[in-house]
Amino acid sequence: MDQTYKAIADLIHNSDSFLIASHIDADGDAVGSQLAIYSVIKRLGKSAQVVSEDEIPQAFRFLAGSGEVRRSATGDSQVGMVVDAAALDRIGQVQDAVRECDLIVNIDHHVSNVDFGDYNLVDPGAGACGEIIYRLLDVMGMELTPEEAEALFAAILSDTGCFRFPTTTGETLRVAAGLIEAGARPYHVASEIFWKRSPAGLRLLGSALSTIEVTNSGTVATMEITQGMYLDSGATSRDTEGFANYPRSIKDVKVGVLIREIGDGLFRVSLRSSEDCSVDGIAKQFGGGGHATAAGFRIEGELGNIKARIREQVGALIPESGAASSQ
Ligand SMILES: [Mn+2]
């Protein structure tokens, strides 16, 4: 893997134009990794564009450069850099522009990554893609600016659930320490991501919490947000950052499910699970992806049916014997 770091570092130094992309349903790791590499490439005097098909969530708009993220690519780029995406189809329409690039660089930490790049820097042991970017920039000999350090810190903080998920390693914390020394402010990043909720967002959380249903002998909890709930609360999908952790936080629940209606009859499902229960396979079955304990997918249909299908799939995963007997 060390050689891959070196090869990508050389490629960046020797190329002129870059298209930087990440997965749809942009999250902190996607945005933070993209913005850090974007900033470094621009500092090297090269041309770069950073593209995210989906809007940058409000929680990550404090990051420097987030206003420069485009919704679609323009012109040709030599190098297509794809970060935090297990496969090219995870980046949405931007994949067409990435495929047009002379070379594709794939930097990721999903165990399900399909090595779609000409260069594949995939480390499933990394807590966040931001961790890999940190090492790459080190190999490139780049000293991070405080803004770049903060983008990577936001990536790691959000993808490790504030250093709580089992993906957090000593190396994760060493990288985080390096980022703080380079100028990242943990309190500032945490406040921007987690403590900027709107009253409307909390009203939405209140009505979402009241939809929680615990099934499968107490091991599965679902929570839902419909279009009507957005209208009633005055909140938007941007206010739902972190909501997926609530159903999973119930005692004895092994899989928490958040179902958000993102269009008429179209839903985005987020799965969160305990360490002994991998949900990435389920997300994959439904055409999505993710990690062992945090995954997601989109699905069309009727809400009741969707919940039934998810409970069935998740139920097959959880051994009944270990389940709690009551809610
Ligand atoms: Mn990630």
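Please treat every number below as a calculation from the coordinates, not as lab data. What you see is a predicted model, and the numbers here were worked out from it, not measured in a lab. Ideal geometry is used to build each Cβ from the backbone, glycine not excepted, and the neighbour counts take in all protein chains shown.
Annotations for the structure displayed:
- Test: residue in segment 175-190 that is closer than 17 Å to residue 27 by Cβ and aromatic (Phe, Trp, Tyr): no
- For segment 256-273, the set of residues classified as more than 18 Å from the chain's Cα centre (by Cα) and either among the small types (Gly, Ala, Ser) or buried (at least 17 other Cβ atoms within 10 Å of the Cβ) (or both) consists of 261, 263, 265, listed by residue number.
- Test: residue 79 is under 22 Å from residue 289 (Cβ atoms) and crowded, with 16+ Cβ neighbours inside 10 Å: no
- The residue that is surrounded by the fewest Cβ atoms within 10 Å (Cβ to Cβ), among those in segment 1-27 that are within 16 Å of the ligand (Cβ to nearest atom) and assigned to a strand (DSSP E or B), is 20.
- Against the numbered list (1) surrounded by fewer than 24 Cβ atoms within 10 Å (Cβ to Cβ); (2) over 20 Å from residue 1 (Cβ atoms); (3) touching a residue at least 60 places away in the same chain (Cβ under 8 Å), residue 94 comes up short only at (1).
- Considering segment 89-124, and only residues there that are charged (D, E, K, R) and under 18 Å from residue 25 (Cα atoms), the residue that is nearest to the ligand (Cβ to nearest atom) turns out to be 108.
- Residue in segment 28-43 that is part of a loop (DSSP other than H, G, I, E, B) and surrounded by 15 or more Cβ atoms within 10 Å (Cβ to Cβ) present: no
- Residue count, segment 233-274 (criterion: polar (S, T, N, Q) and either on the phi > 0 side of the Ramachandran plot or in a helix (DSSP H, G or I) (or both)): 4
- Selection status of residue 86, within 16 Å of the ligand (Cβ to nearest atom) and either at positive phi or assigned to a loop (DSSP other than H, G, I, E, B) (or both): yes
- Any hit, segment 100-108, residues being crowded, with 20+ Cβ neighbours inside 10 Å, under 30 Å from residue 196 (Cα atoms) and without any contact (Cβ under 8 Å) to a residue 40 or more places away in the chain: yes
- Among the residues making up segment 187-217, those that are charged (D, E, K, R) and loosely packed, with under 15 Cβ neighbours inside 10 Å are 196, 213.
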